[in-house]
1. With +1 assigned to the C-beta of every Lys and Arg and -1 to the C-beta of every Asp and Glu, and no other charges, what is the dipole magnitude of the chain about the Cα centre in debye, to the nearest 20?
2. What does the extension gain come out to for Ile66 and Phe157, with contour length at 0.36 nm per residue minus their alpha carbon separation?
3. Kindly report the accessible area of the stretch 102-172 per residue (heavy atoms of protein chains, probe 1.4 Å, no ligands, DNA or RNA), in Å².
4. Note the count of lysine pairs whose C-alpha atoms are less than 23 angstrom apart in the stretch 54-185, limited to pairs 8 or more residues apart or on different chains.
5. Would you work out the charge dipole size for the stretch 24-106 about its Cα centre, treating the Cβ of every Lys and Arg as +1 and the Cβ of every Asp and Glu as -1, and quote it to the nearest 20 debye?
6. As a test of reading the structure, rank Phe157, Phe162 by solvent-accessible area (1.4 Å probe, protein chains only), most first.
7. In Å², what does the accessible area per residue of the stretch 11-71 work out to with a 1.4 Å probe?
8. Leaving out ligands, DNA and RNA, and with a 1.4 Å probe, what % of the accessible surface on the chain is carbon or sulfur?
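The values are calculated or read from the model by the stated rules, or taken from the named source; none is laboratory data. Predicted, not measured: the structure shown is a model, and the values here were computed from it. For neighbour counting, all protein chains shown are included, and Cβ atoms are generated from backbone atoms with ideal geometry for every residue, glycine included. These area figures cover heavy atoms from the full protein model, side chains too; ligands, DNA and RNA do not enter into them. Shrake-Rupley method; radii C 1.70, N 1.55, O 1.52, S 1.80 Å.
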Amino acid sequence: ICLAVKGQKSCYAVWSSDTAPPLVALGARVKLVRDGKERWLAGDQLYTGLGDKPCAVAADEILTEILIPEHSCRLRGVYLRYSQRQVIDYPVVSVAVAYYQHKKPAAFRIVAGGVNPAPKRLVQAEALLRNQSIDAGLAQKAAAMAAKEVGPIKDVFYPSRFKRDVLRALVEDGIIACVFGEKAG
């Protein structure tokens, strides 16, 4: 029985973490240890999207290390969030944007939170930006594409359209901030 969204056949809740989207955008990996043996998972493989088992961690495993790749020191990134209250509140929608300008071709990693049961890479929006000269118009197109990549968004308090509109605005602002160092209008 799902207590978060009435009528769901399985447990469902949106992922509202402030740390998960940036870690996935940065390409972080995590080390899990059990009985002296270790295994590494990419950040986006850690989150299952299953409400009853949100992380791919066994009951007797412990997460001991988070490794952020060294090349992440040479990127431009931003984390943006919308919440009802700015203090001590979980994000209703969040976006982490990482702009790997040192790579050839330059690439973006865009990860949304609060719109899916796991952090969501917005790969179609990323693909639209790849190898392009970024301007405000292209940022708007990528943001519109990002809003289409999610959904339907099941949420007790916010309708899907509202969350898509917020996501679109955050993605656009994130792209502009990474490329030009400023907020979009």
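1. Working: 26 positive and 18 negative charges, 86 e Å.
Dipole size: approximately 420 debye.
2. Working: separation 91, 0.36 × 91 = 32.76 nm, distance 3.27 nm.
Result for the pair: 29.5 nm of gain on full extension.
3. Numbers: 3450 Å² over 71 residues.
Result: 49 Å² of accessible area for each residue.
4. 14
5. Rounded to the nearest 20 debye, it is 460 debye.
6. On the way: Phe157 150, Phe162 70 Å².
Output order, biggest surface exposure first: Phe157, Phe162.
7. Values: 3430 Å² over 61 residues.
Accessible surface, normalised per residue, equals 56 Å².
8. On the way: 5510 of 10200 Å².
The value for the chain is 54 percent carbon and sulfur by accessible area.
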